[in-house]
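Asker: Quick one: the structure is below, and I'll ask about it shortly.
The values are calculated or read from the model by the stated rules, or taken from the named source; none is laboratory data. Note that this is a predicted model, so its numbers are computed, not measured. Cβ placement follows ideal geometry from the backbone for every residue including glycine, while neighbour counts extend to all protein chains displayed. The accessibility values were calculated without ligands, DNA or RNA, using every heavy atom of the protein model including side chains. Shrake-Rupley method; radii C 1.70, N 1.55, O 1.52, S 1.80 Å.
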Amino acid sequence: QVQLVESGGGLVQAGGSLRLSCAASRSIFSINVMGWYRQAPGKQRELVTTITSGGSTNYADSVKGRFTISRDHTKNTVYLQMNSLKPEDTAVYYCNAATGVLQYWGQGTQVTVSS
């Protein structure tokens with residue numbers, strides 16, 4: 001089992017940057033895939049980015065070139081660096097860990113981008 005705790009959300013102006021953190025309760029070294037999802041009001045939760053245990057990354061087209069996922073195994077933490085933020089990036093951002101057939105979610109952190 002894995003507990004995930006996100007932090008780093010907040011209010012930022014368009015064009016600004018934020019870095020989200022996702023701290024896991026155990027080593028992330030063997031977790032197959034970790035990722036970030038987001039859910040805006042009235043919309044379905046959508047994939048933002050993932051990183052595999054081998055280091056391969058995947059990004060939604062809407063964030064390519066602006067967002068970067070990374071991880072620090074020594075801290076059991078995954079990060080989401082968000083640059084050039086847009087109002088449409090406003091959402092609750094959730095960390096996800098997929099270990100085979102099981103998935104775990106954090107409680108989410110709010111990101112609000114003002115125009």
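Asker: Would you calculate the separation in nanometres between label points at A98 and S70, each defined as 7 Å from the Cα along the Cα-to-beta-carbon direction?
Answerer: 2.4
Asker: Right, next: Explain nothing, just the number: relative contact order of the chain, from Cα pairs under 8 Å at least 6 residues apart, as a whole percent.
Answerer: Worked out over the chain, it gives 37 percent.
Asker: Okay, moving on. When the Karplus curve 6.51 cos²θ - 1.76 cosθ + 1.60 is applied with θ = phi - 60°, which whole-Hz ³J(HN,Hα) does each residue of the range 27-44 get, with x for Gly and Pro?
Answerer: Taking θ as phi minus 60°, the curve returns 4, 8, 4, 9, 6, 4, 9, 10, x, 10, 10, 9, 9, 8, x, x, 10, 6 Hz for the range 27-44.
Asker: Same structure again: Percent of alpha carbon pairs in the range 1-79 separated by more than 22 Å? Mind showing how you got there, number by number?
Answerer: Working: 770 of 3081 pairs.
When every Cα pair of the range 1-79 is considered, 25 percent fall beyond 22 Å.
Asker: Tell me, what is the per residue accessible area of the chain in Å², probe radius 1.4 Å? If you can, show how the numbers build up before the last one.
Answerer: Details: 5930 Å² over 115 residues.
Per-residue accessible area for the chain comes out at 52 Å².
Asker: Counting only protein heavy atoms, what percent of the accessible surface of the range 11-115 is carbon or sulfur at a 1.4 Å probe? Show your work: numbers first, answer last.
Answerer: On the way: 2640 of 5420 Å².
Within the range 11-115, the accessible surface is 49 percent carbon and sulfur.
Asker: Report the gain in length on full extension from Q81 to T112: 0.36 nm times residue separation, minus Cα-Cα distance, nm rounded to one decimal.
Answerer: Details: separation 31, 0.36 × 31 = 11.16 nm, distance 1.48 nm.
Stretched fully, the Q81-T112 segment lengthens by 9.7 nm.
Asker: With every protein chain kept in the model, how would you rank W36, W105 by accessible area, 1.4 Å probe, largest at the top? Can you show the working numbers first?
Answerer: On the way: W36 0, W105 100 Å².
The ranking, largest first, comes out as W105, W36.
Asker: Spin-label point model (7 Å from Cα, Cβ direction): what's the N32 to A14 distance in nm?
Answerer: Each label point is offset 7 Å from its Cα along the Cβ direction, giving 4.0 nm.
Asker: Something else about it: Just how much of D61 is accessible, in Å², when a 1.4 Å probe is used and the result is rounded to the nearest 10?
Answerer: Surface open to solvent at D61 totals about 130 Å².
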